[in-house]
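Taking it in order: structure first as structure tokens, then the write-up.
The values are calculated or read from the model by the stated rules, or taken from the named source; none is laboratory data. Not measured: the values here are computed from a predicted model. All Cβ positions, glycine included, derive from the backbone under ideal geometry; neighbour counts span all protein chains shown. Surface accessibility is based on the protein's heavy atoms, side chains included, excluding ligands, DNA and RNA. Shrake-Rupley method; radii C 1.70, N 1.55, O 1.52, S 1.80 Å.
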Amino acid sequence: MQQLAAQYWQLLTQIPAFEPGLLFLLVVLLAQYAALPQQYQMWPLLRLLAQRIEQKVNKSTDSQSQQRLAGALALTVVLLPVLLLSWTLRQLSEWPVGFDAVLLYLCLDYRNYQLQVQSAASSLQRQQYQLAKDQLQALLRRECGQLSATGLAKAGIEVLAQRQVRHVVAVLLWYLLGGSMLALSYRLLLELQQVWSGKLPGQRAFSGAVSIGGRFFTVPALWLQGALVGLLYRFRPTVRYFNTSQDAGLAAADRWYLSAWSAALQRNLAGPVIYQGTKLRRERIGPAENPQLADLQLALQLSRQIQRTLFLLLCCGFALTILYQWPQPL
């Protein structure tokens, strides 16, 4: 028995996808159940650096073309050194696969945002509305000060859904398609996009380059994750809500993804938002019923279910890859 197990292990180690695939699955598990605390991550430092750069080079007195050029140069100044340093360290590493796994672990930080939304839901349950507003405001660009309990529940659902597709699905997608350097490039763009937001009037021209790059990476994940959520819960309502949401003021991929979550919860999402005192009037997506605290708690449960489903799909893909690359018949 031991000899047979040793033979199978030897065969497994000969399969090219075995070691990176196994590390990949372990990292996905680790990121969900043993996430690195936010104070030890590099992303807050990157956001602080991006804010300082934007304050220095984004001048309101400049023309829009100058602001766009400054934004493109600032993007290059931030991206190139980080990517070059990471690529150099990977080339010097004696275990590149392990280095890739560490980078992936750093890029998968969704669990921290999930816990923050959970804390906001607990505050809402205790009717500590101001605390819930402060907790959600740290995750959103929109203004939360005037939101009611219903608005806070909707904001919590949307940030939970948006962070999941951007901080998990898109990262895993680009890691599988292009490796750790491509996944890291996307995460850098995502952080910069959240700091240099095209939703704010003063940063709209400056954030042009980073918004285009972030959009390019995010759109495929929105379509794929929206299809997964729709298939898991209610696909026909997802299609119906998507077809009737042309006036929501959002791109098609975003409308598709929010339609899937709206169908899953049977509550409307999107709608009017306020950025820097300016109210943007947008149509809601989904049924007439507004989300409440119970729906936010349900959304937290659904996010965990989706995470587990995604992990099972990755395990199935890993098993099929191992069978395809198996060196000899079973």
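Computing the accessible area with a 1.4 Å probe over protein heavy atoms, can you report the carbon and sulfur percentage for the range 29-96?
Ligands and nucleic acids excluded, carbon and sulfur give 64 percent.
Quick one: net charge around S148, please, counting Lys, Arg +1 and Asp, Glu -1 for every other residue with C-beta under 11 Å from its C-beta.
Working: positive: K133, K154; negative: none.
Surrounding charge for S148 is +2.
How would F99, F217, F235 line up by accessible area, probe 1.4 Å, largest first?
The ranking, largest first, comes out as F235, F99, F217.
At a probe size of 1.4 Å, how large is the accessible area of R234, to the nearest 10 Å²?
90
Dipole size in debye (nearest 20) for the chain around its Cα centre, Lys and Arg Cβ +1, Asp and Glu Cβ -1?
About 920 debye.
Summarise the accessible area of the range 277-330 (1.4 Å probe, protein heavy atoms) by the percent that is carbon and sulfur.
Working: 1980 of 3470 Å².
Of the solvent-accessible surface of the range 277-330, carbon and sulfur hold 57 percent.
Counting heavy atoms of the protein chains only and a 1.4 Å probe, report the per residue accessible area for the chain as a whole number of Å².
That works out to 51 Å² for each residue.
If Lys and Arg each add +1 and Asp and Glu each add -1, what is the summed charge of the other residues whose beta carbon sits under 13 Å from the beta carbon of A253? List each step's numbers first, then the result.
Working: positive: R166, R215, R255; negative: D254.
After counting each charged neighbour, the total is +2.
Take the alpha carbon atoms of the range 43-90, find their center, do the same for the range 275-307, and report the distance between the two centers in whole angstrom.
32
Can you give the helix-only mean residue ellipticity at 222 nm for the chain, where every DSSP H stretch with n ≥ 4 adds -39500 (n - 2.57) and the sum goes over all residues, rounded to the nearest 500 deg cm²/dmol?
Numbers: 14 runs with 231 residues, N = 330.
Rounded to the nearest 500, it is -23500 deg cm²/dmol.
What distance in nm lies between label points placed 7 Å from Cα along the C-beta direction at T61 and S148?
So the two model labels end up 4.6 nm from each other.
Compute the length gained on full extension between C316 and L25: take 0.36 nm times their separation in residues and subtract their Cα-Cα distance, giving the result in nm to one decimal.
Values: separation 291, 0.36 × 291 = 104.76 nm, distance 1.09 nm.
Residue separation times 0.36 nm, minus the Cα-Cα distance, leaves 103.7 nm.
Take the Cα of Q292, step 7 Å along the line toward its Cβ, and report every residue of the range 131-161 whose backbone nitrogen sits under 12 Å from that point.
Counting backbone N atoms under 12 Å from the label point, the list is 150.
Work out how much length L92 to Q325 would gain on full extension: take 0.36 nm times their residue separation and subtract the Cα-Cα distance, in nm to one decimal.
Here the answer is 81.0 nm.
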